[in-house]
Protein chains: 2
Amino acid sequence: MCPVPDVFGEIDPPQRLLMGPGPVNAHPRVLRAMSADLLGQFDPEMTGYMNETMALYRGVFMTGNRWTFLVDGTARAGIEAALVSLVEPGATVLVVRAGRFGLLLQEIVERVGGRVETVDAEWGQVVSMEAIAEAARRVRPAVIACVHGDTSTTMAQPLDGLGAVAREVGALAYVDATATIGGMAVDTDGWGADVVTGGLQKCLGGPSGSAPITISDRAADFIFSRRHVEKGIATDDLDEGPGRRIGSNYFDLAMVMDYWGEKRLNHHTEATTMLYGARECARIMLEEGLETRFARHASAGRAITAGLRAMGLVVFGDDACRMTNVTGVWIPEGVNGEAIRRRMREDFEIEIGTAFGPLAGRIWRIGAMGYNARKHKVLITLGALEAVLRAEGFAVPAGAGVDAALEAWG
Amino acid sequence: MCPVPDVFGEIDPPQRLLMGPGPVNAHPRVLRAMSADLLGQFDPEMTGYMNETMALYRGVFMTGNRWTFLVDGTARAGIEAALVSLVEPGATVLVVRAGRFGLLLQEIVERVGGRVETVDAEWGQVVSMEAIAEAARRVRPAVIACVHGDTSTTMAQPLDGLGAVAREVGALAYVDATATIGGMAVDTDGWGADVVTGGLQKCLGGPSGSAPITISDRAADFIFSRRHVEKGIATDDLDEGPGRRIGSNYFDLAMVMDYWGEKRLNHHTEATTMLYGARECARIMLEEGLETRFARHASAGRAITAGLRAMGLVVFGDDACRMTNVTGVWIPEGVNGEAIRRRMREDFEIEIGTAFGPLAGRIWRIGAMGYNARKHKVLITLGALEAVLRAEGFAVPAGAGVDAALEAWG
């Protein structure tokens with residue numbers, strides 16, 4: 001037997017304020033809900049909680065979709081489950097690319113065997129619906145895939161009219177709303193999106209590890225056409241679909257729906273504690289009210305933008321399509337971005353974000369999401385940034401950022 | 001905007017004793033650890049906890065493998081991550097099948113494009129290592145895949161010598177240890193297994209939703225030969241491997257290792273709360289000591305088997321290869337298995353398990369796993385089963401089951 005390693009100490013993280021692009025601090029109610037003990041996966045109380053979670057997420061996704069549930073994994077698991085279930089090998093997918101997460105959609109589509117066509121914008125811009133429509137008419141995709149809020153650029157892609165474009169060309173419309181769900185309106189039915197996925201760790205104020213998903217009836221019909229039942233649990237009354245089997249078992253949404261639906265067909269063992277957390281995230285959101293919650297995030301975004309500008313910094317990207325819950329800001333000439341982030345963390349226990357790809361080392365990303373989209377947290381962050389910039393030798397007008405943010409909060 | 005649904009009540013599950021094949025009640029320390037607040041995913045304290053978790057799971061997996069970490073999803077996610085990363089399309093995989101989870105391995109291999117050969121035993125038996133070796137020599141697989149404890153049959157597959165067989169034929173050896181990890185010796189290095197995966201929700205006493213995995217250097221070398229870096233985060237110093245790109249992004253273990261390793265390359269957002277839970281599961285296990293813990297599960301299994309037999313029931317499967325942590329028992333002639341399970345739940349708040357496939361409706365499965373592998377819980381369960389059988393009209397010698405279990409506990 002191998003030597004047993006140290007068991008280390010009890011979990012005891014520092015009390016850090018997470019004002020980056022996510023994950024952010026969880027709402028304490030979510031963590032408390034997650035301390036409830038487990039249930040058997042087909043106990044009536046468990047299936048009752050599953051049904052309640054489905055109902056609650058219809059509210060979160062602003063949809064009447066029957067098929068609204070959780071994928072057990074991080075937000076990225078939800079994206080892959082959607083794409084591997086919607087995209088048959090060889091099918092054409094139109095990917096809207098204007099940042100890292102558009103590239104991720106492309107990457108996943110390629111891995112599951114889809115043929116990618118793209119319609120692009122520079123990082124910091126969005127793609128117009130006219131350009132999406134033009135591309136869709138040209139390439140006749142089976143699926144149109146886009147990202148609502150791409151945290152890599154802090155831009156929110158306008159999606160009004162997406163469903164009409166998709167229907168016109170006979171496509172299904174997929175939206176990754178990981179970074180906006182719970183903070184900006186994710187208007188599934190209004191957009192006419194067929195599948196939308198999210199995560200808990202940003203504006204929903206929970207931990208990463210559960211991916212809410214909603215699926216329209218027409219998308220569900222398509223996915224069920226690819227239904228395949230595991231040999232170990234197959235019975236005579238289960239129909240296989242005529243479509244091509246989905247290239248993943250874990251992410252086979254037909255099987256996952258047969259588990260969440262009335263068939264209650266065993267698939268994975270539901271991640272009960274994450275489900276308790278996801279359920280509480282949704283309860284908190286619906287109690288607050290969607291409009292109030294979106295307005296709170298908008299106030300935070302406005303305050304951060306105003307505060308940064310009053311400090312003499314230059315905000316990144318197009319004002320017209322800014323996400324409300326995360327703001328990019330150029331690192332000033334001569335300032336070491338990582339030194340600032342380290343001082344923020346070490347002196348103030350505040351995390352702000354770095355960036356990816358073409359923006360790595362060039363912008364910081366400051367978020368105010370979920371439980372952290374609150375006035376005092378925004379003000380504290382701006383005040384700390386001012387002190388830290390000064391300590392690193394960059395002159396900032398004293399007090400200006402906090403004052404401007406206070407005024408802009410509204 | 002859609003009508004907002006009811007927000008329902010606070011989470012408040014019944015205090016139920018889960019004595020089925022898993023999930024089981026979580027250790028309270030695990031749930032408490034999960035209530036710690038979140039950290040940024042590259043904060044030094046977070047990467048420190050990740051490194052500690054890797055070290056702790058080396059102890060759990062009885063291995064010196066550097067690559068020992070968590071896959072963010074349920075146990076089934078760990079299985080799929082292993083197989084999609086190890087199995088190139090067209091590669092031959094020898095699957096050892098003696099229950100539902102052998103069939104699941106086959107299913108997953110087929111979905112990821114592998115060519116399956118099998119070596120089989122009846123449900124309730126295991127496959128001898130000689131038969132595995134003979135089949136391996138015949139089919140020359142790239143991977144040999146097997147299940148250690150298959151809860152569908154309650155049998156534990158002997159795995160001594162697996163690594164030698166795999167090396168002889170140039171294969172990599174994969175073991176699904178979901179149902180035994182933390183309860184029976186999962187002797188990764190002793191077996192010579194290349195990849196072993198597990199889950200928290202059985203003998204480790206945590207919630208479903210995190211899949212510990214360990215990977216030998218030779219398996220890691222193979223997986224890294226398939227390395228592919230996402231466009232959105234690619235930099236010049238990252239090498240692509242010559243092998244075929246893995247058909248999943250989320251389950252691409254090369255990317256997941258580059259996230260857990262020193263490169264700290266962004267992939268998914270680690271499921272922090274599940275990581276806190278997984279870390280605590282391992283701490284509890286290593287504090288107790290592996291031998292003590294395995295002996296505790298063995299006592300529980302012995303006591304359940306003796307108790308059931310003293311009640312006049314017939315235990316399922318081969319005594320020589322019984323799992324210690326879950327026991328199958330034939331439903332007696334004329335007894336309605338589901339009526340018994342319902343009475344157990346409604347009158348005693350105890351869950352025992354039903355069964356799958358050829359055993360559905362024919363056996364119950366009674367587990368004693370992790371925090372529930374304790375004398376009083378076994379005794380309470382047997383006493384309740386006696387009362388419930390009597391209430392359903394099946395004569396049971398009063399007190400005999402509990403007395404025999406007490407004596408057999410040792």
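Taken together, the values in this text are just the output of simple stated rules run on the coordinates, not laboratory data. Note that this is a predicted model, so its numbers are computed, not measured.
Worth a mention:
- Three-way shape call for the protein assembly as shown based on the alpha-carbon gyration tensor, with the a/c threshold at 1.5: prolate
- Comparing mean-square fluctuations of B:Val119, B:Val109, B:Val195 from a GNM of chain B with C-alpha springs under 10 Å, the top value falls on B:Val119.
- Its relative contact order, with pairs defined as Cα atoms under 8 Å and 6+ residues apart, puts chain A at 21 percent.
- Counting only alpha carbon atoms, the long axis of helix A:100-111 and the longest principal axis of chain A meet at about 30°.
- Which listed pairs, of A:Lys231/B:Lys377; A:Lys263/B:Lys377; B:Lys202/B:Lys377, have C-alpha distances above 25 Å, in listed order: A:Lys231/B:Lys377; A:Lys263/B:Lys377
- Over the stretch B:289-409, Cα pairs under 8 Å with separation of 6+ residues give a relative contact order of 36 percent.
- Binning the alpha carbon pair distances of the stretch B:9-100 at 10 angstrom intervals from zero yields the distribution 11, 27, 36, 20, 6, 0, expressed in whole percent.
- Gyration tensor (alpha-carbon) shape descriptor, the stretch A:28-286, a/c threshold 1.5: oblate
- Helix B:290-310 axis, angle to chain B major axis (alpha carbon atoms, nearest 10°): 30
- Interatomic Cα distance distribution for the stretch B:142-218, bins of 10 angstrom, percent: 20, 52, 25, 3
- Whether the stretch B:289-409 is rounded, prolate or oblate, judged on the alpha carbon gyration tensor where a/c under 1.5 counts as rounded: prolate
- Compared with the dominant principal axis of the Cα atoms in chain B, helix B:129-139 is inclined by about 40°.
- Amide H contacts of A:Glu117: A:Val93, A:Leu94, A:Val95, each under 5 Å away and 5 or more positions distant or on a separate chain (H built 1.01 Å from N in the peptide plane; Pro and chain starts excluded).
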